[in-house]
1. What is the residue count in segment 187-199 for residues that are over 14 Å from LYS146 (Cα atoms) and out of contact with any Leu (no Cβ under 9 Å at 6 or more places or on another chain)?
2. Name the one entry in VAL164, VAL129, VAL195 that is open to solvent by less than 30 Å² (accessible area, probe 1.4 Å), among the aliphatic types (A, V, I, L, M) and away from the ligand (no atom under 16 Å from the Cβ).
3. Write out, first by first residue and then by second, each pair whose Cβ atoms fall under 9 Å of each other, whose residues are 6+ apart or on separate chains, and whose first residue, in segment 134-146, is farther than 13 Å from ILE192 by Cβ while the second is open to solvent by less than 100 Å² (accessible area, probe 1.4 Å) and part of a helix (DSSP H, G or I).
4. Only residues that are in contact with a strand residue (DSSP E or B) (Cβ under 8 Å, 6 or more places away or on another chain) and within 8 Å of the ligand (Cβ to nearest atom): list them for segment 229-242, please.
5. Go through (1) within 18 Å of LYS7 (Cβ to Cβ); (2) modelled with pLDDT of 95 or more; (3) of a type outside the set (Val, Ile, Thr) one by one and return the number of the condition MET180 breaks.
6. Right, SER70: farther than 16 Å from LYS92 by Cβ, in contact (Cβ under 8 Å) with a residue 12 or more places away in the chain, in contact with a Ser or Thr (Cβ under 7 Å, 6 or more places away or on another chain) and assigned to a loop (DSSP other than H, G, I, E, B) or not?
7. Would you check if there is a residue in segment 28-49 being assigned to a helix (DSSP H, G or I), open to solvent by less than 30 Å² (accessible area, probe 1.4 Å), modelled with pLDDT under 95 and away from the ligand (no atom under 14 Å from the Cβ)?
8. For the structure I just gave you, tell me whether ALA227 is out of contact with any helix residue (DSSP H, G or I) (no Cβ under 7 Å at 6 or more places or on another chain) and either surrounded by fewer than 17 Cβ atoms within 10 Å (Cβ to Cβ) or not in a helix (DSSP H, G or I) (or both).
Amino acid sequence: MIKTYPKIIVANWKSNPDSLFEAKKIFDTVKKIKVNYKKVLPIICPPVIFLENLTKKYRGNLKIGSQNISYMDSSELTGEISGKMLNDMRVKYVIVGHSERRMMGESNIFISQKILNALKNKITPILCVGENVRDNGGEFLRFLEKQIIESLTNISKENIKNIVIAYEPVWAIGEKGHTMDVHDLNQTILFIKKVLVEKYDRKTGLAIKILYGGSVYDENISEILSADVNGVILGRASINPSVFNNILKKI
Ligand code: PGA
């Protein structure tokens, strides 16, 4: 089970940078950032191709995550990354269901299988969910509910304790200035908690950690963390070590 650190900060490097040389430079700078690990749990998720090189000799406190895992461990899945391989790299977390992968065709059910494979390999899945658009009639809430319920197909009450949920409204990703306002964010988090409480039970549902992602920077981190969230997932801000440093400092 994931420890109750006050704030989880996931650095989703996505498909950046373009070279191992650059990746090492970013990682070396990030490693030097002074972090109060009682207050912050940073999880660095570089592209898988850089994982081995970045983490080979690394024995520090930063946690390492992957941006993908295969839906099952099999030797016959061309191009896939098995849980066993990630275990060998000492990877403890994996992002699943990110909207950019959903856009490539990953379905809720496929994502639920990835979650199960991660859990089987003792890797904590960070499940991303979020609506594409917000409407005034509340249709986006139905969308969100379906996404959560289906992505958690066959995930038991025991297993859900080992999963982190990241709420990332797609319209807020990659659009600096499009971050949610705290009131809307709190309402949506409350809705997600209601869905989880109804699927599991009150105690289990309310214990699940929920992060926010979508255009979080050093300028708005304090505001976002004033909402009822257990941390954030950062995209562009995480590959800029000085912005990342500022964010950690503000926490
Ligand atoms: P962003 O991305 O911070 O660049 O908006 C967040 C994400 O996609 O996880």
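The values are calculated or read from the model by the stated rules, or taken from the named source; none is laboratory data. The structure presented is a predicted model; accordingly, all values stated were derived computationally and were not measured. Ideal geometry is used to build each Cβ from the backbone, glycine not excepted, and the neighbour counts take in all protein chains shown. What goes into the accessible areas is simple: the full protein's heavy atoms, side chains included, and nothing from ligands, DNA or RNA. Shrake-Rupley method; radii C 1.70, N 1.55, O 1.52, S 1.80 Å.
1. The number of residues fulfilling the criteria is 3.
2. VAL195
3. ARG134/PHE140; ARG134/TRP171; ARG134/ASP184
4. Correct list: ILE233, LEU234, GLY235, SER238.
5. Going through the list (1) within 18 Å of LYS7 (Cβ to Cβ); (2) modelled with pLDDT of 95 or more; (3) of a type outside the set (Val, Ile, Thr), MET180 breaks only (2).
6. yes
7. Yes.
8. Against the criterion (out of contact with any helix residue (DSSP H, G or I) (no Cβ under 7 Å at 6 or more places or on another chain) and either surrounded by fewer than 17 Cβ atoms within 10 Å (Cβ to Cβ) or not in a helix (DSSP H, G or I) (or both)), ALA227 does not qualify.
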